[in-house]
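K.L.:
One structure follows; several queries about it will come next.
The values are calculated or read from the model by the stated rules, or taken from the named source; none is laboratory data. Remember, predicted model here, so these are calculated numbers, not experimental data. Counting neighbours? That spans all protein chains shown, and the Cβs are built from the backbone with ideal geometry, glycine included.
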Amino acid sequence: MAKHLKLGKRAEGIAVDYLRRNHYQILDKNYRTGKAEVDIIALDKNTLVFIEVKSLKRTRFGYPEEQINTHKINMLSQAANEYQTEQKWEKEIRFDSISITFLPQATKLEHFEDAFL
């Protein structure tokens, strides 16, 4: 597996652990429909949350959350719509992002609720 894919999987694992510690119920990971993918789908009380996880090894050229562009947001929205249809979900939804930076001295995690859409 390529290094950037290993880093991404590690970040997703850290994000899942964080969410569980904060009482989210993990419903699905790496949900895919066509070319669209959602890293984590979770339940926060009665809200269905679609979560994009981004990670970087350094911040010299920006922060992980800045890597989420319009195309990615559109793909997330497409996957979220498909998931809601499959699950017949008609309650609240939210789009979050989790940014993980692997710094030499520590791993930094930031959770952005209602990050886009």
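K.L.:
Of all the residues that make up region 75-100, how many are in a loop (DSSP other than H, G, I, E, B) and under 18 Å from A11 (Cβ atoms)? Explain how you work it out, then say what you get.
P.N.:
Filtering region 75-100 for residues in a loop (DSSP other than H, G, I, E, B) gives 88-92.
Filter again for under 18 Å from A11 (Cβ atoms), leaving none.
Qualifying residue count for the region: 0.
K.L.:
Let me ask something additional. Can you tell which of T107, T47 is touching a residue at least 40 places away in the same chain (Cβ under 8 Å), more than 20 Å from G8 (Cβ to Cβ) and over 14 Å from the mean Cα position of the chain (by Cα)?
P.N.:
Numbers: T107 fails: more than 20 Å from G8 (Cβ to Cβ).
Going through T107, T47 in turn, just one is touching a residue at least 40 places away in the same chain (Cβ under 8 Å), more than 20 Å from G8 (Cβ to Cβ) and over 14 Å from the mean Cα position of the chain (by Cα): T47.
K.L.:
Sticking with this structure for a sec: Is it the case, given these coordinates, that D17 is farther than 14 Å from S97 by Cα, at pLDDT 95 or above and charged (D, E, K, R)?
P.N.:
Working: farther than 14 Å from S97 by Cα: yes; at pLDDT 95 or above: yes; charged (D, E, K, R): yes.
For D17, the condition - farther than 14 Å from S97 by Cα, at pLDDT 95 or above and charged (D, E, K, R) - is met.
K.L.:
When only residues in region 101-114 that are outside any strand (DSSP E or B) and modelled with pLDDT under 95 count, which is surrounded by the most Cβ atoms within 10 Å (Cβ to Cβ)?
P.N.:
So in region 101-114, the residues outside any strand (DSSP E or B) come out as 103-106, 113-114.
Checking the rest, the ones that are also modelled with pLDDT under 95 come to 103-106.
Details: L103: 11, P104: 6, Q105: 5, A106: 8.
Taking the candidates together, the pick is L103.
K.L.:
Here's another thing I want to ask about it. For region 31-74, enumerate the residues that are at negative phi, of a type outside the set (V, I, T) and either touching a Cys at 6+ places or on another chain (Cβ under 6 Å) or assigned to a loop (DSSP other than H, G, I, E, B) (or both). Let's see the steps before the verdict.
P.N.:
Going residue by residue through region 31-74, those that are at negative phi are 31-33, 35-44, 46-61, 63-74.
So of that shortlist, the ones also of a type outside the set (V, I, T) come out as 31-32, 35-37, 39, 42-44, 46, 48, 50, 52, 54-58, 60-61, 63-67, 69, 71-72, 74.
Hits for region 31-74 are K35, N46, K57, R58, R60, F61, Y63, N69.
K.L.:
Of all residues in region 34-58, which are surrounded by fewer than 18 Cβ atoms within 10 Å (Cβ to Cβ) and either out of contact with any Asp or Glu (no Cβ under 8 Å at 6 or more places or on another chain) or farther than 20 Å from D114 by Cβ (or both)? Before you say what the answer is, go through the steps one by one.
P.N.:
Keep residues of region 34-58 that are surrounded by fewer than 18 Cβ atoms within 10 Å (Cβ to Cβ), which gives 34-35, 37, 43-47, 57-58.
Scanning region 34-58 gives G34, K35, E37, L43, D44, K45, K57, R58.
K.L.:
Quick check on my filter: what residues within region 59-72 are within 17 Å of the chain's Cα centre (by Cα) and either closer than 16 Å to I40 by Cβ or surrounded by fewer than 11 Cβ atoms within 10 Å (Cβ to Cβ) (or both)? Walk me through it before giving the result.
P.N.:
Looking only at region 59-72, we keep the residues that are within 17 Å of the chain's Cα centre (by Cα), and these are 63-72.
P64, E65, I68, N69, T70, H71, K72 - these are the residues of region 59-72 that are within 17 Å of the chain's Cα centre (by Cα) and either closer than 16 Å to I40 by Cβ or surrounded by fewer than 11 Cβ atoms within 10 Å (Cβ to Cβ) (or both).
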